[in-house]
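Only one structure is covered here, and it is reproduced in the block below.
The values are calculated or read from the model by the stated rules, or taken from the named source; none is laboratory data. Keep in mind that this is a model prediction, so the values were computed, not measured. Positions of Cβ are generated from backbone atoms using ideal geometry, with glycine treated the same way; all protein chains shown enter the neighbour counts. Only protein heavy atoms, including side chains, enter the accessible area calculation; ligands, DNA and RNA are left aside. Shrake-Rupley method; radii C 1.70, N 1.55, O 1.52, S 1.80 Å.
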Amino acid sequence: MFQKILIANRGEIAVRIIRACREMGIKTVAVYSEADSEALHTLLADEAVCIGPAKSKDSYLNMERILSAAVAMGADAIHPGFGFLSENARFAELCALCRIKFIGPESGVIAKLGNKSEARNTMEAAGVPVVPGGHEPVRDVDEGRVLAEKIGYPVMIKAALGGGGKGMRIVRSGEEFEAGFLNARREAEKAFSDGTMYIEKYIENPRHIEFQILADEHGNAVHLGERDCSVQRHHQKLIEEAPSAALSEKQRERMGETAVRAAKAAGYTNAGTVEFLLDKSGNFYFIEMNTRIQVEHPVTEMITGLDLVKEQIRIAWGEPLRFSQKDIRFSGHAIECRINARMAGTVTGLMLPGGCGVRVDTAMYAGSRIPPDYDAMIIKLIVRGGDRAEAVKKMQCALGELGIEGVETNLEEQYAVFTHPVFEAGPVDTGFMERCFK
Ligand code: ADP
(Lines give C-alpha, C1' and ligand atoms only; values in the text may rest on other atoms or scores of the structure.)
Protein backbone atom coordinates (compact mmCIF):
# COMPACT_ATOMS: atom_id res chain seq x y z
CA MET A 1 0.00 0.00 0.00
CA PHE A 2 1.06 3.64 -0.41
CA GLN A 3 3.32 4.87 2.38
CA LYS A 4 2.57 8.57 2.10
CA ILE A 5 -0.13 10.56 0.32
CA LEU A 6 -0.01 14.28 -0.39
CA ILE A 7 -3.40 15.96 -0.35
CA ALA A 8 -3.56 18.69 -2.98
CA ASN A 9 -6.53 20.46 -1.46
CA ARG A 10 -7.82 22.32 1.57
CA GLY A 11 -10.97 22.60 3.71
CA GLU A 12 -13.30 19.79 4.67
CA ILE A 13 -12.35 17.47 1.79
CA ALA A 14 -8.65 17.64 2.73
CA VAL A 15 -9.57 16.76 6.31
CA ARG A 16 -11.85 13.95 5.05
CA ILE A 17 -8.96 12.45 3.04
CA ILE A 18 -6.46 12.80 5.90
CA ARG A 19 -8.85 10.83 8.14
CA ALA A 20 -9.21 8.01 5.60
CA CYS A 21 -5.42 7.79 5.18
CA ARG A 22 -4.87 7.74 8.92
CA GLU A 23 -7.35 4.87 9.35
CA MET A 24 -5.47 2.98 6.63
CA GLY A 25 -2.08 3.58 8.27
CA ILE A 26 -0.89 5.89 5.47
CA LYS A 27 1.13 9.01 6.33
CA THR A 28 -0.21 12.33 5.04
CA VAL A 29 1.30 15.53 3.70
CA ALA A 30 -0.85 18.66 3.63
CA VAL A 31 -0.06 21.57 1.35
CA TYR A 32 -1.28 24.97 2.44
CA SER A 33 -1.27 28.58 1.37
CA GLU A 34 -0.11 31.47 3.56
CA ALA A 35 -3.78 32.10 4.40
CA ASP A 36 -4.20 28.54 5.70
CA SER A 37 -1.31 28.17 8.16
CA GLU A 38 -3.84 27.62 10.97
CA ALA A 39 -6.36 25.68 8.87
CA LEU A 40 -7.48 22.30 10.18
CA HIS A 41 -6.00 20.31 7.29
CA THR A 42 -2.61 21.95 7.95
CA LEU A 43 -2.82 21.08 11.64
CA LEU A 44 -4.12 17.51 11.22
CA ALA A 45 -1.77 16.11 8.58
CA ASP A 46 1.45 14.33 9.64
CA GLU A 47 3.50 16.86 7.67
CA ALA A 48 2.59 20.18 6.07
CA VAL A 49 4.28 22.29 3.40
CA CYS A 50 3.52 25.92 2.63
CA ILE A 51 3.22 26.24 -1.15
CA GLY A 52 2.64 29.96 -1.61
CA PRO A 53 0.42 32.99 -1.18
CA ALA A 54 -3.34 32.91 -0.64
CA LYS A 55 -4.40 33.27 -4.28
CA SER A 56 -5.28 29.81 -5.63
CA LYS A 57 -3.23 30.26 -8.77
CA ASP A 58 -0.13 30.79 -6.62
CA SER A 59 -0.79 27.85 -4.29
CA TYR A 60 -3.54 25.22 -4.66
CA LEU A 61 -3.53 25.55 -8.46
CA ASN A 62 0.25 25.74 -8.79
CA MET A 63 1.21 22.34 -10.21
CA GLU A 64 4.97 22.81 -10.02
CA ARG A 65 4.91 23.79 -6.35
CA ILE A 66 2.63 20.91 -5.40
CA LEU A 67 4.71 18.38 -7.31
CA SER A 68 7.91 19.76 -5.84
CA ALA A 69 6.42 19.37 -2.36
CA ALA A 70 5.40 15.78 -3.17
CA VAL A 71 8.87 14.89 -4.41
CA ALA A 72 10.63 16.67 -1.52
CA MET A 73 8.43 14.95 1.08
CA GLY A 74 8.67 11.53 -0.57
CA ALA A 75 4.93 11.13 -1.21
CA ASP A 76 4.08 8.20 -3.48
CA ALA A 77 0.57 9.39 -4.37
CA ILE A 78 -1.46 12.60 -4.61
CA HIS A 79 -5.15 12.84 -3.78
CA PRO A 80 -6.59 15.92 -5.52
CA GLY A 81 -9.98 16.02 -3.71
CA PHE A 82 -12.52 18.07 -5.71
CA GLY A 83 -12.16 21.48 -7.34
CA PHE A 84 -8.64 22.93 -7.77
CA LEU A 85 -6.53 20.45 -9.85
CA SER A 86 -8.82 17.45 -9.47
CA GLU A 87 -10.01 17.51 -13.10
CA ASN A 88 -6.84 18.87 -14.63
CA ALA A 89 -5.56 16.34 -17.18
CA ARG A 90 -2.15 18.05 -17.38
CA PHE A 91 -1.68 17.69 -13.62
CA ALA A 92 -2.53 13.98 -13.75
CA GLU A 93 -0.03 13.62 -16.60
CA LEU A 94 2.70 15.46 -14.67
CA CYS A 95 2.09 13.23 -11.64
CA ALA A 96 2.64 10.18 -13.85
CA LEU A 97 5.83 11.70 -15.26
CA CYS A 98 7.09 12.24 -11.69
CA ARG A 99 6.15 8.62 -10.86
CA ILE A 100 3.63 9.78 -8.31
CA LYS A 101 0.24 8.05 -8.49
CA PHE A 102 -2.61 10.45 -9.18
CA ILE A 103 -5.64 9.14 -7.26
CA GLY A 104 -8.15 9.39 -10.08
CA PRO A 105 -8.53 8.28 -13.69
CA GLU A 106 -5.83 8.48 -16.38
CA SER A 107 -5.06 11.92 -17.75
CA GLY A 108 -6.37 11.00 -21.24
CA VAL A 109 -9.73 9.97 -19.74
CA ILE A 110 -9.94 13.19 -17.72
CA ALA A 111 -9.28 15.21 -20.89
CA LYS A 112 -11.88 13.30 -22.93
CA LEU A 113 -14.61 13.59 -20.31
CA GLY A 114 -13.68 17.13 -19.27
CA ASN A 115 -14.85 18.36 -22.64
CA LYS A 116 -18.62 17.94 -22.27
CA SER A 117 -19.29 18.17 -25.98
CA GLU A 118 -16.80 15.36 -26.67
CA ALA A 119 -18.10 13.35 -23.72
CA ARG A 120 -21.62 13.50 -25.20
CA ASN A 121 -20.33 11.98 -28.44
CA THR A 122 -18.42 9.21 -26.63
CA MET A 123 -21.56 8.33 -24.68
CA GLU A 124 -23.86 8.45 -27.68
CA ALA A 125 -21.54 6.07 -29.54
CA ALA A 126 -21.80 3.67 -26.55
CA GLY A 127 -25.61 3.71 -26.69
CA VAL A 128 -26.03 5.99 -23.66
CA PRO A 129 -28.95 8.40 -24.18
CA VAL A 130 -27.80 12.04 -24.31
CA VAL A 131 -29.83 15.26 -24.32
CA PRO A 132 -30.78 15.95 -27.97
CA GLY A 133 -28.30 18.45 -29.39
CA GLY A 134 -25.42 19.13 -31.75
CA HIS A 135 -22.47 16.82 -32.22
CA GLU A 136 -19.95 19.60 -32.74
CA PRO A 137 -19.34 22.84 -30.84
CA VAL A 138 -20.81 25.91 -32.58
CA ARG A 139 -18.38 28.52 -33.86
CA ASP A 140 -20.54 31.64 -33.96
CA VAL A 141 -23.99 33.15 -33.46
CA ASP A 142 -25.26 32.27 -36.96
CA GLU A 143 -24.16 28.66 -36.79
CA GLY A 144 -25.64 28.43 -33.28
CA ARG A 145 -28.97 29.89 -34.34
CA VAL A 146 -29.35 27.39 -37.18
CA LEU A 147 -28.65 24.51 -34.79
CA ALA A 148 -30.99 25.90 -32.11
CA GLU A 149 -33.82 26.05 -34.66
CA LYS A 150 -33.11 22.48 -35.71
CA ILE A 151 -33.14 21.26 -32.08
CA GLY A 152 -36.23 23.40 -31.32
CA TYR A 153 -36.58 26.02 -28.57
CA PRO A 154 -36.06 26.16 -25.65
CA VAL A 155 -32.36 25.29 -25.84
CA MET A 156 -29.47 25.37 -23.40
CA ILE A 157 -26.19 26.96 -24.52
CA LYS A 158 -23.30 25.46 -22.57
CA ALA A 159 -19.55 25.83 -22.28
CA ALA A 160 -17.69 22.68 -23.38
CA LEU A 161 -15.27 23.05 -20.47
CA GLY A 162 -18.01 24.30 -18.12
CA GLY A 163 -18.41 23.61 -14.43
CA GLY A 164 -20.02 25.17 -11.38
CA GLY A 165 -23.05 26.24 -13.40
CA LYS A 166 -21.01 28.86 -15.30
CA GLY A 167 -21.17 29.63 -19.03
CA MET A 168 -24.73 28.36 -19.32
CA ARG A 169 -27.85 30.10 -20.71
CA ILE A 170 -31.41 29.02 -21.40
CA VAL A 171 -32.73 30.52 -24.64
CA ARG A 172 -36.45 30.33 -25.36
CA SER A 173 -36.71 31.99 -28.78
CA GLY A 174 -34.73 33.09 -31.84
CA GLU A 175 -34.86 36.74 -30.68
CA GLU A 176 -33.07 35.88 -27.43
CA PHE A 177 -30.42 33.74 -29.09
CA GLU A 178 -27.69 36.24 -29.90
CA ALA A 179 -27.62 37.84 -26.43
CA GLY A 180 -27.77 34.45 -24.70
CA PHE A 181 -24.96 33.01 -26.79
CA LEU A 182 -22.66 36.00 -26.42
CA ASN A 183 -23.25 36.28 -22.67
CA ALA A 184 -22.64 32.57 -22.09
CA ARG A 185 -19.49 32.67 -24.22
CA ARG A 186 -18.15 35.74 -22.42
CA GLU A 187 -18.73 34.03 -19.07
CA ALA A 188 -17.04 30.84 -20.30
CA GLU A 189 -14.01 32.71 -21.63
CA LYS A 190 -13.62 34.45 -18.28
CA ALA A 191 -14.13 31.36 -16.12
CA PHE A 192 -12.41 28.66 -18.21
CA SER A 193 -10.20 30.69 -20.59
CA ASP A 194 -12.07 28.90 -23.38
CA GLY A 195 -15.11 29.97 -25.38
CA THR A 196 -15.99 26.61 -26.97
CA MET A 197 -19.79 26.39 -26.79
CA TYR A 198 -22.30 23.67 -27.61
CA ILE A 199 -26.07 23.55 -27.67
CA GLU A 200 -28.58 21.01 -26.42
CA LYS A 201 -32.32 20.84 -25.83
CA TYR A 202 -33.46 22.51 -22.60
CA ILE A 203 -35.38 19.97 -20.56
CA GLU A 204 -38.12 21.76 -18.56
CA ASN A 205 -37.74 21.32 -14.81
CA PRO A 206 -35.97 17.97 -14.87
CA ARG A 207 -34.56 16.08 -11.92
CA HIS A 208 -30.80 15.85 -11.56
CA ILE A 209 -30.02 12.21 -10.88
CA GLU A 210 -26.39 11.07 -10.75
CA PHE A 211 -24.86 7.65 -10.27
CA GLN A 212 -21.74 6.95 -8.25
CA ILE A 213 -19.32 4.67 -10.06
CA LEU A 214 -16.32 2.71 -8.84
CA ALA A 215 -14.09 1.15 -11.50
CA ASP A 216 -10.84 -0.68 -10.80
CA GLU A 217 -7.78 -1.04 -13.05
CA HIS A 218 -8.72 -4.62 -13.99
CA GLY A 219 -11.88 -3.87 -15.98
CA ASN A 220 -14.42 -4.24 -13.15
CA ALA A 221 -16.98 -1.49 -12.57
CA VAL A 222 -20.00 -1.14 -10.29
CA HIS A 223 -22.42 1.62 -9.40
CA LEU A 224 -23.30 2.55 -5.83
CA GLY A 225 -26.77 3.84 -6.61
CA GLU A 226 -27.95 7.34 -7.31
CA ARG A 227 -28.05 10.73 -5.68
CA ASP A 228 -30.86 13.18 -6.33
CA CYS A 229 -29.38 16.68 -6.56
CA SER A 230 -32.41 18.55 -7.84
CA VAL A 231 -32.42 21.25 -5.17
CA GLN A 232 -30.29 23.83 -6.98
CA ARG A 233 -29.84 27.56 -7.28
CA HIS A 234 -28.29 29.01 -10.46
CA HIS A 235 -27.66 25.38 -11.61
CA GLN A 236 -25.57 24.75 -8.46
CA LYS A 237 -26.45 21.99 -6.03
CA LEU A 238 -27.62 22.95 -2.54
CA ILE A 239 -28.98 19.68 -1.16
CA GLU A 240 -28.35 16.08 -2.18
CA GLU A 241 -30.08 12.89 -1.17
CA ALA A 242 -29.89 9.16 -1.72
CA PRO A 243 -31.83 7.26 -2.84
CA SER A 244 -33.96 9.44 -5.12
CA ALA A 245 -37.62 9.25 -4.12
CA ALA A 246 -38.44 9.92 -7.79
CA LEU A 247 -37.07 6.62 -9.15
CA SER A 248 -38.80 3.26 -9.37
CA GLU A 249 -36.69 0.15 -8.76
CA LYS A 250 -36.83 -0.60 -12.48
CA GLN A 251 -35.64 2.88 -13.47
CA ARG A 252 -32.83 2.65 -10.91
CA GLU A 253 -31.68 -0.61 -12.42
CA ARG A 254 -31.78 0.73 -15.99
CA MET A 255 -30.01 3.97 -15.14
CA GLY A 256 -27.42 2.17 -13.01
CA GLU A 257 -26.61 -0.26 -15.82
CA THR A 258 -26.36 2.66 -18.24
CA ALA A 259 -24.01 4.53 -15.89
CA VAL A 260 -21.69 1.51 -15.66
CA ARG A 261 -21.78 1.21 -19.47
CA ALA A 262 -20.89 4.91 -19.71
CA ALA A 263 -17.90 4.47 -17.39
CA LYS A 264 -16.67 1.44 -19.31
CA ALA A 265 -17.08 3.20 -22.66
CA ALA A 266 -14.82 5.98 -21.39
CA GLY A 267 -12.16 3.57 -20.10
CA TYR A 268 -12.84 4.96 -16.65
CA THR A 269 -10.96 4.00 -13.49
CA ASN A 270 -11.36 5.08 -9.85
CA ALA A 271 -14.44 6.88 -8.41
CA GLY A 272 -16.54 8.96 -10.76
CA THR A 273 -20.05 10.25 -11.23
CA VAL A 274 -22.31 9.90 -14.24
CA GLU A 275 -24.85 12.73 -14.27
CA PHE A 276 -28.28 12.42 -15.88
CA LEU A 277 -31.34 14.58 -16.26
CA LEU A 278 -34.66 12.81 -15.76
CA ASP A 279 -37.64 14.39 -17.53
CA LYS A 280 -41.29 14.40 -16.53
CA SER A 281 -42.01 11.30 -18.65
CA GLY A 282 -39.28 9.25 -17.01
CA ASN A 283 -36.76 9.56 -19.89
CA PHE A 284 -33.19 10.09 -18.79
CA TYR A 285 -30.28 11.72 -20.57
CA PHE A 286 -26.53 11.85 -19.88
CA ILE A 287 -25.23 15.39 -19.27
CA GLU A 288 -21.69 14.91 -18.02
CA MET A 289 -19.29 12.72 -16.09
CA ASN A 290 -17.33 14.10 -13.15
CA THR A 291 -13.92 12.49 -12.89
CA ARG A 292 -13.31 12.92 -9.17
CA ILE A 293 -14.82 12.44 -5.73
CA GLN A 294 -17.92 14.65 -5.41
CA VAL A 295 -18.89 17.08 -2.67
CA GLU A 296 -21.99 14.96 -2.10
CA HIS A 297 -20.25 11.56 -1.81
CA PRO A 298 -21.16 11.16 1.91
CA VAL A 299 -24.85 10.46 1.16
CA THR A 300 -23.77 7.39 -0.81
CA GLU A 301 -21.48 6.34 2.03
CA MET A 302 -24.33 6.66 4.53
CA ILE A 303 -26.62 4.27 2.64
CA THR A 304 -23.99 1.77 1.43
CA GLY A 305 -21.69 1.66 4.46
CA LEU A 306 -18.67 2.07 2.15
CA ASP A 307 -15.89 4.63 2.57
CA LEU A 308 -15.43 6.05 -0.93
CA VAL A 309 -12.09 7.72 -0.24
CA LYS A 310 -10.62 4.47 1.03
CA GLU A 311 -11.98 2.70 -2.05
CA GLN A 312 -10.32 5.34 -4.24
CA ILE A 313 -6.98 4.72 -2.54
CA ARG A 314 -7.29 0.93 -2.86
CA ILE A 315 -8.15 1.23 -6.56
CA ALA A 316 -5.23 3.60 -7.17
CA TRP A 317 -2.93 1.09 -5.48
CA GLY A 318 -4.07 -1.46 -8.06
CA GLU A 319 -6.38 -3.61 -5.94
CA PRO A 320 -9.37 -5.18 -7.65
CA LEU A 321 -12.82 -4.14 -6.37
CA ARG A 322 -13.72 -6.13 -3.29
CA PHE A 323 -17.37 -6.52 -4.32
CA SER A 324 -19.53 -7.05 -7.38
CA GLN A 325 -22.81 -5.30 -8.18
CA LYS A 326 -24.93 -7.89 -6.38
CA ASP A 327 -22.97 -7.41 -3.13
CA ILE A 328 -23.92 -3.75 -2.89
CA ARG A 329 -26.79 -3.15 -0.48
CA PHE A 330 -28.62 0.06 0.24
CA SER A 331 -30.12 0.86 3.59
CA GLY A 332 -32.07 3.92 4.74
CA HIS A 333 -32.20 7.42 3.32
CA ALA A 334 -29.44 10.04 3.55
CA ILE A 335 -29.49 13.79 2.91
CA GLU A 336 -26.67 16.33 2.77
CA CYS A 337 -26.97 20.06 2.97
CA ARG A 338 -24.24 22.53 2.18
CA ILE A 339 -23.62 25.39 4.55
CA ASN A 340 -21.96 28.27 2.73
CA ALA A 341 -20.38 31.37 4.23
CA ARG A 342 -21.72 34.60 2.75
CA MET A 343 -18.57 36.52 3.70
CA ALA A 344 -14.93 36.06 4.64
CA GLY A 345 -14.11 36.39 8.32
CA THR A 346 -13.43 34.46 11.51
CA VAL A 347 -15.76 31.87 12.99
CA THR A 348 -15.80 33.10 16.57
CA GLY A 349 -18.14 30.42 17.90
CA LEU A 350 -19.29 27.05 16.61
CA MET A 351 -21.93 24.69 17.99
CA LEU A 352 -22.11 21.44 16.01
CA PRO A 353 -25.10 19.07 16.03
CA GLY A 354 -24.77 15.35 16.73
CA GLY A 355 -26.75 12.25 17.59
CA CYS A 356 -27.71 9.02 15.91
CA GLY A 357 -27.30 9.26 12.13
CA VAL A 358 -25.86 12.79 12.11
CA ARG A 359 -22.49 13.46 10.43
CA VAL A 360 -20.66 16.76 10.11
CA ASP A 361 -17.88 17.16 7.54
CA THR A 362 -16.09 20.43 8.14
CA ALA A 363 -12.69 22.00 8.65
CA MET A 364 -14.15 24.72 10.85
CA TYR A 365 -13.42 25.19 14.55
CA ALA A 366 -14.03 28.13 16.87
CA GLY A 367 -11.36 30.61 15.79
CA SER A 368 -11.11 29.36 12.16
CA ARG A 369 -10.47 31.94 9.51
CA ILE A 370 -12.46 31.89 6.29
CA PRO A 371 -10.18 33.55 3.72
CA PRO A 372 -11.87 35.41 0.84
CA ASP A 373 -9.90 33.45 -1.77
CA TYR A 374 -11.65 30.08 -1.80
CA ASP A 375 -14.95 28.27 -2.14
CA ALA A 376 -17.62 29.44 0.29
CA MET A 377 -18.75 25.98 1.43
CA ILE A 378 -17.71 25.55 5.07
CA ILE A 379 -19.80 22.73 6.49
CA LYS A 380 -21.54 19.68 5.09
CA LEU A 381 -24.28 18.37 7.32
CA ILE A 382 -25.27 14.80 6.51
CA VAL A 383 -28.04 12.77 8.13
CA ARG A 384 -29.30 9.24 7.67
CA GLY A 385 -32.78 8.06 8.65
CA GLY A 386 -34.71 4.84 8.12
CA ASP A 387 -36.72 6.60 5.42
CA ARG A 388 -36.93 10.04 3.80
CA ALA A 389 -39.36 11.46 6.34
CA GLU A 390 -37.07 10.51 9.22
CA ALA A 391 -34.02 11.92 7.41
CA VAL A 392 -35.82 15.23 6.77
CA LYS A 393 -36.84 15.44 10.43
CA LYS A 394 -33.28 14.70 11.55
CA MET A 395 -31.94 17.44 9.28
CA GLN A 396 -34.46 19.94 10.66
CA CYS A 397 -33.27 19.11 14.19
CA ALA A 398 -29.57 19.16 13.21
CA LEU A 399 -29.93 22.53 11.46
CA GLY A 400 -31.77 23.83 14.52
CA GLU A 401 -28.80 22.85 16.71
CA LEU A 402 -26.08 24.18 14.41
CA GLY A 403 -24.77 27.53 15.55
CA ILE A 404 -22.14 29.57 13.69
CA GLU A 405 -20.98 32.90 15.06
CA GLY A 406 -18.86 35.55 13.40
CA VAL A 407 -19.84 35.04 9.75
CA GLU A 408 -23.10 35.14 7.85
CA THR A 409 -24.18 31.86 6.25
CA ASN A 410 -27.07 30.31 4.34
CA LEU A 411 -28.15 28.35 7.43
CA GLU A 412 -31.55 30.04 7.66
CA GLU A 413 -32.27 29.49 3.99
CA GLN A 414 -31.42 25.81 4.35
CA TYR A 415 -33.73 25.53 7.36
CA ALA A 416 -36.51 27.15 5.34
CA VAL A 417 -36.02 24.60 2.54
CA PHE A 418 -36.10 21.61 4.89
CA THR A 419 -39.29 22.85 6.54
CA HIS A 420 -40.99 23.80 3.26
CA PRO A 421 -44.10 21.63 2.76
CA VAL A 422 -43.23 20.91 -0.90
CA PHE A 423 -39.74 19.67 0.02
CA GLU A 424 -41.07 17.73 3.01
CA ALA A 425 -43.57 15.98 0.74
CA GLY A 426 -40.73 15.59 -1.87
CA PRO A 427 -39.16 14.77 -4.24
CA VAL A 428 -38.74 18.11 -6.03
CA ASP A 429 -37.39 19.12 -9.46
CA THR A 430 -34.66 21.62 -10.43
CA GLY A 431 -37.23 24.44 -10.68
CA PHE A 432 -38.23 24.11 -7.00
CA MET A 433 -35.96 26.81 -5.54
CA GLU A 434 -36.96 29.39 -8.13
CA ARG A 435 -40.66 28.64 -7.70
CA CYS A 436 -40.71 28.51 -3.91
CA PHE A 437 -37.84 30.83 -2.86
CA LYS A 438 -37.70 33.91 -5.07
P1 ADP B 1 -21.91 22.13 -14.48
O2 ADP B 1 -20.82 21.24 -15.00
O3 ADP B 1 -21.64 23.57 -14.65
O4 ADP B 1 -22.39 21.75 -13.11
P5 ADP B 1 -24.02 20.56 -15.74
O6 ADP B 1 -23.96 20.24 -17.19
O7 ADP B 1 -23.66 19.48 -14.79
O8 ADP B 1 -23.14 21.87 -15.46
O9 ADP B 1 -25.46 21.08 -15.37
C10 ADP B 1 -25.77 21.69 -14.12
C11 ADP B 1 -27.27 21.82 -13.96
O12 ADP B 1 -27.82 22.64 -14.99
C13 ADP B 1 -28.04 20.50 -14.07
O14 ADP B 1 -28.08 19.80 -12.85
C15 ADP B 1 -29.41 21.00 -14.48
O16 ADP B 1 -30.15 21.50 -13.38
C17 ADP B 1 -29.08 22.16 -15.40
N18 ADP B 1 -29.00 21.71 -16.80
C19 ADP B 1 -27.89 21.37 -17.50
N20 ADP B 1 -28.21 21.01 -18.77
C21 ADP B 1 -29.54 21.11 -18.88
C22 ADP B 1 -30.49 20.89 -19.93
N23 ADP B 1 -30.12 20.48 -21.14
N24 ADP B 1 -31.80 21.10 -19.66
C25 ADP B 1 -32.21 21.52 -18.44
N26 ADP B 1 -31.39 21.76 -17.42
C27 ADP B 1 -30.06 21.57 -17.62
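Observations on the structure shown:
- For the range 382-435, residues that are hydrophobic (A, V, I, L, M, F, W, C), open to solvent by 50 Å² or more (accessible area, probe 1.4 Å) and closer than 30 Å to Y202 by Cα total 2.
- Being open to solvent by 40 Å² or more (accessible area, probe 1.4 Å), closer than 27 Å to G332 by Cβ and modelled with pLDDT of 95 or more is a description that does not apply to E275.
- Qualifying helices (runs of 4 or more DSSP H) (wholly inside the range 89-131; at least 3 residues being outside the structural domain of R65 (by TED's automatic domain parsing) and touching a residue at least 24 places away in the same chain (Cβ under 8 Å)): 107-114, 116-125
- Candidate set from the range 137-177 (those that are touching a helix residue (DSSP H, G or I) at 6+ places or on another chain (Cβ under 9 Å) and in a helix (DSSP H, G or I)); member that is nearest to H234 (Cα to Cα): F177
- The range 144-195, residues that are among the β-branched types (V, I, T) and within 14 Å of the ligand (Cβ to nearest atom): I151, V155, I157, I170, V171
- Matching option when the condition is in contact with a Ser or Thr (Cβ under 9 Å, 6 or more places away or on another chain), open to solvent by less than 60 Å² (accessible area, probe 1.4 Å) and over 14 Å from I287 (Cα atoms), among A159, A188: A188
- Hits in the range 1-41 - residues which are crowded, with 21+ Cβ neighbours inside 10 Å and without any contact (Cβ under 8 Å) to a residue 40 or more places away in the chain: I18, T28, A30, V31, Y32
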